Each structure stands twice: as structure tokens, then as C-alpha cells.
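The values are calculated or read from the model by the stated rules, or taken from the named source; none is laboratory data. Here the structure is a predicted model, which is why all the values come from computation and not from measurement. Don't worry about glycine lacking a Cβ; one is built from the backbone with ideal geometry, like all the others, and counts go over all protein chains shown.
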């Protein structure tokens, strides 16, 4: 696989981990509101005819059920995050293998080879003796200063 594809894959997994954390927090908040509001709404609209001092068993179990669902989702999210972290670590190792001995700052080995060729060419041209410059097309004063 190409290095850029592996980087994309690792970044996507990191973003999924963040999404799982956010979802887990939102599920806990939803569970909090559900356990606080649902029993009173059920008593007010569904169980109108029932004696208000005698609450149905279903209303007693609502907070337990909502926090149980939130906790199960939290455990699932943690397991998924750990799995994704292991995948990211594996991808990072693959990218290190692809890069070889490179220090990590270079983006493309071919570009470096091309730059080295250009540098060698520049050094060779600097070592060659400079040719005499032609004075054709210059003014007289410019020719005099060039001869000095």
C-alpha cells in the first residue's frame, strides 16, 4: 500500500475513536435525562388513572435500565477504541517499514534523488572555469570597465 493511503486510514481510525468517545458521552447524557424525565411523563400521561402514591414497577426500573444501556454502550465504545488504537499502531509500523531509513521529514524519495542530481550538476558547473564574456552589444564605457 502507498504511504498516503496508510496515513488516510490511520487518520480515519483516529477520527472514529473520537466519534466513539463523543457518542458515549451523549448516550450517558441521554440516559440521565431519560431517567429523570421519563418516569414523571409516564405518570402524568400514561398512568393517570393509577393512584399517584402507588407507582408501577416499570417506572422504578426506568433509571436502572437507562444507566445499564449507557454502561453497556460505554464498555462497547472502550473496546472499539482499544481495537482501533491497535489498528493504528499496526498501520504506523507498516508506514515505518515503507519509509525505510528515511528520517520522516522526506515526502518522496524520488524528489530527493532528483534534487541530488541537480545539486551535483550545479557543483560541476561551478568547478568549470568561466568563459570570457563577450562585449558585443555593450556601450564603450561598459567595455572599458569590463577590461579592468
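Selection of first residues in the range 113-138 that are at pLDDT 80 or above and of second residues that are surrounded by 10 or more Cβ atoms within 10 Å (Cβ to Cβ), restricted to Cβ pairs under 6 Å at least 6 apart or on distinct chains, gives an empty result.
Residue 72 meets all of the listed conditions (1) touching a helix residue (DSSP H, G or I) at 6+ places or on another chain (Cβ under 9 Å); (2) surrounded by fewer than 14 Cβ atoms within 10 Å (Cβ to Cβ); (3) within 16 Å of residue 25 (Cβ to Cβ) but one, namely (1). Within the range 47-67, does at least one residue satisfy the condition of being loosely packed, with under 14 Cβ neighbours inside 10 Å, more than 27 Å from the chain's Cα centre (by Cα) and at pLDDT 90 or above? Yes, the range 47-67 contains a residue that is loosely packed, with under 14 Cβ neighbours inside 10 Å, more than 27 Å from the chain's Cα centre (by Cα) and at pLDDT 90 or above.
Sort out which residues of the range 24-43 are surrounded by 14 or more Cβ atoms within 10 Å (Cβ to Cβ), over 32 Å from the mean Cα position of the chain (by Cα) and more than 12 Å from residue 63 (Cα to Cα), and write them in order of number. Passing the criteria: 42, 43.
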